[in-house]
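A quick write-up on the structure given underneath.
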Amino acid sequence: VRVTGSETNTLVQALQMAQAHFNFDLSKPGQAQLLLDQMTTAGRAGVIELEDLSQAFAASAANAKRAGLSFEETLAIYEAFGTSTTKDRLGTLVSSTLAVFTNANYMKEAQKATGVRFFHAKGEQRAALDVIADIKQSYDKLTTDKDRFRFISKAFGKADKDTIIGINEALKAGTLEQITEIVARIRSASGTIEGNLDESMDN
């Protein structure tokens, strides 16, 4: 509470949502502490704080998991997308974006238009961020707004509005790099709260 500035109930709700959607065992020693370290670090990397996470998880964590995203990657996407919409609609935007990886029709159209494989040769689903990175390689070769508009329309034109907005955000310059950077920070977040405790208690 001291380090994060969040109420106890807020911390508990964030932990419960992480447990429910990503199958963490909160009875495991140190697990709750690590999750709070990671969520706190994610919030400091962007604009989505602990109090925003429960609503975002509720709206999009199921699609994130079906798309093969880890807990750390899901947090990073929240932060990377955090300035592109309002906090109360963030989960909806992320969920709609990830529908490209969970909706068979969306996936089929995107794969056909871009030529990017969504599955490995043996049938395993490829990592969502790797797929987006491959699509971005083709997208970045386009030189005019007209060509980029045609590319998005052909690949994702049959998707809903939020999906198209989210894909545009994901393909925007710097977004994938930001996600990768935040994931790295989250994965090395252990000890964050303990390290800040003395300063917070003295404040």
Suppose the filter is in contact with a Lys or Arg (Cβ under 8 Å, 6 or more places away or on another chain), among the acidic types (Asp, Glu) and over 15 Å from Leu69 (Cα atoms); does Glu169 pass it? no
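Yes/no per residue for (1) touching a residue at least 40 places away in the same chain (Cβ under 8 Å); (2) surrounded by 14 or more Cβ atoms within 10 Å (Cβ to Cβ); (3) closer than 28 Å to Ile48 by Cβ:
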| residue | (1), (2), (3) |
| --- | --- |
| Thr102 | no, yes, yes |
| Thr114 | yes, yes, no |
| Val131 | no, yes, yes |
| Ile135 | no, yes, yes |
| Ser153 | no, no, no |
| Phe156 | yes, yes, yes |
| Gly166 | yes, yes, yes |
| Leu171 | no, yes, yes |
| Ile193 | yes, yes, yes |
Just for region 55-112: of the residues that are of a type in the set (Val, Ile, Thr) and not in a helix (DSSP H, G or I), which one is nearest to Ser153 (Cα to Cα)? Thr102
So, in region 66-84, exactly how many residues are free of Cβ contacts under 8 Å to residues at least 60 places away in the same chain, farther than 16 Å from Leu35 by Cα and out of contact with any Asp or Glu (no Cβ under 9 Å at 6 or more places or on another chain)? 2
Out of the residues in region 17-37 that are free of Cβ contacts under 8 Å to residues at least 24 places away in the same chain and in a loop (DSSP other than H, G, I, E, B), which is nearest to Asn103 (Cα to Cα)? Asn23
For region 38-54, which residues satisfy the criterion of being surrounded by fewer than 18 Cβ atoms within 10 Å (Cβ to Cβ) and assigned to a helix (DSSP H, G or I)? Arg44
Open to solvent by less than 70 Å² (accessible area, probe 1.4 Å), touching a helix residue (DSSP H, G or I) at 6+ places or on another chain (Cβ under 8 Å), modelled with pLDDT of 90 or more and within 16 Å of Ile179 (Cβ to Cβ): which single residue out of Leu35, Leu15, Leu69 fits that description? Leu69
Hey, does region 140-150 have a residue that's surrounded by 12 or more Cβ atoms within 10 Å (Cβ to Cβ) and touching a residue at least 12 places away in the same chain (Cβ under 8 Å)? no
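The values are calculated or read from the model by the stated rules, or taken from the named source; none is laboratory data. Keep in mind it's a predicted model, so treat the numbers as computed, not measured. Positions of Cβ are generated from backbone atoms using ideal geometry, with glycine treated the same way; all protein chains shown enter the neighbour counts. With ligands, DNA and RNA removed, areas are computed over all heavy atoms of the protein, side chains included. Shrake-Rupley method; radii C 1.70, N 1.55, O 1.52, S 1.80 Å.
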